[in-house]
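In what follows, a structure is listed as structure tokens, so that the remarks can point back to it.
Just so it is clear, none of the values below were taken in a lab; they were calculated from the coordinates. The model shown is predicted, which means the values in this text are computed figures rather than measured ones. A quick note on method: Cβ atoms are made from the backbone with ideal geometry, for glycine too, and the neighbour counts reach across all protein chains shown.
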Amino acid sequence: MTVKRHNVGPRMSQVVENGNTVYLAGLTADDPSQDVKGQTKQILAKIDNLLKLAGTDKSKVLSANIWLTDIATWSQMNEVWDAWVSPGNTPARATVEAKLAAPGLKVEIMVQAAK
Amino acid sequence: MTVKRHNVGPRMSQVVENGNTVYLAGLTADDPSQDVKGQTKQILAKIDNLLKLAGTDKSKVLSANIWLTDIATWSQMNEVWDAWVSPGNTPARATVEAKLAAPGLKVEIMVQAAK
Amino acid sequence: MTVKRHNVGPRMSQVVENGNTVYLAGLTADDPSQDVKGQTKQILAKIDNLLKLAGTDKSKVLSANIWLTDIATWSQMNEVWDAWVSPGNTPARATVEAKLAAPGLKVEIMVQAAK
């Protein structure tokens, strides 16, 4: 099996494929002025695009790690998440609170998918 | 390879299989009034049951992420963990502090296993 | 496929192989008196050694989770990280803030690699 990488930067890659397993980077919103719902929407749109790069989609997501800078925003994030997931194909998931790399960022999501 | 899911909810699944790799959701105790040891016991019992759903068991756990709301409870969690693991078959593991989704929750554990 | 473990302890293993996927434990520095750069260097040297145990190396790292006790030290960690990664072969990565298991520890890194 070969490792295939997409959107390769000097620090990290956004997508890494190993056989039929796809690893995405932890993703944050481009516009940190948005609220949790807005940021979650931006992130999930990025995930859709990156999964497409690897020839897969959200119905194949295996697991997700979600970090919120304020765990009290859990329901707001979930509202957007629940509308996004592929019914019947929801991933394993864990959500915890953590401070993120830049001020204003309220959500970060990292997923693994099959292809 | 096909993705197989168990205990599928509208938000997440508790178990996701991709080939011979099994992803479990981040699990917390049902009874948040219990202390760290009690909660860890409840979680590890859930993990045993969920691994069984996927036709595997704790001797095949590959890696574990553990979150504690108070890292000072590390030894209490470990006391229960050390008694649970399959000797000679311990997983890769990382434990950090994080606030969890509901008040009272003191431990969350997310594992990946082989089958 | 068989699960192969290296540096197996009673609590966790430092390296777990499942087929061509390698899981490393969350690693911290041996000398917590070092600053973030020094600790990151120690951790990445450990990762190099552990990947070698599994017959692989940093050019095959798939994903990385990094925890910093102070997210403000992000750039210092990155300075060492950027010099370490294999150009063109950078992993998917997520970095968040979290308190770690022992006082003085400033960085923890957990990676998955192909072999």
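With its label point defined 7 Å out from Cα along the Cα-to-Cβ axis, residue C:45 lies at 4.6, 4.6 nm from the matching points of the other copies, in increasing order. Working from label points 7 Å from Cα in the Cα-to-Cβ sense, the residue B:11 to residue C:86 distance is 3.9 nm.
Measuring from each Cβ of chain C to the axis carrying C onto A, the nearest residue and its distance in whole Å come out as C:98, 3. If I fit a long axis through the Cα atoms of helix C:36-53 and take the longest principal axis of the Cα atoms of chain C, what angle between them do I get, 0 to 90°, rounded to 10? Roughly 0 degrees between the two axes.
DSSP beta bridges fully contained in the range C:3-114 are about 75 percent antiparallel. Put simply, the C-alpha atoms of the range C:16-104 give a gyration tensor, and the ellipsoid matching it has half-axes of 22, 15, 12 Å, longest first. Counting Cβ atoms of other protein chains within 10 Å of each Cβ in A:74-86 and taking the mean gives 1.
In chain B, the longest principal axis of the Cα atoms and the axis of helix B:74-84 are about 40 degrees apart.
Kirkwood Rh over Cα pairs of the protein assembly as shown into Stokes-Einstein at 25 °C, 0.890 mPa s: D in µm²/s?
Calculated translational D: 124 µm²/s.
Take residue C:102, push a point 7 Å out from Cα through the beta-carbon direction, and compare it with the same point in every other copy: 3.5, 3.5 nm, smallest first.
Mean partner shielding of peptide A:16-27, defined as the number of other chain Cβ atoms within 10 Å of each residue Cβ, is 6. With the label put 7 angstrom out from Cα along the Cα-to-Cβ vector, residue C:84 ends up 2.9, 2.9 nm from the copy partners, going from closest to farthest. In order along the range B:8-23, phi translates into HN-Hα couplings of 7, x, x, 10, 7, 10, 7, 9, 10, 9, 10, x, 9, 10, 10, 10 Hz, rounded to whole numbers, per the Karplus curve 6.51 cos²θ - 1.76 cosθ + 1.60 with θ = phi - 60° and x for Gly and Pro. The Cα center of the range C:45-115 and the Cα center of the range A:55-94 differ in position by 25 Å. Computed over chain A, the per-residue total of -39500 (n - 2.57) for DSSP H runs of n ≥ 4 gives a 222 nm mean residue ellipticity of -8000 deg cm²/dmol, rounded to 500.
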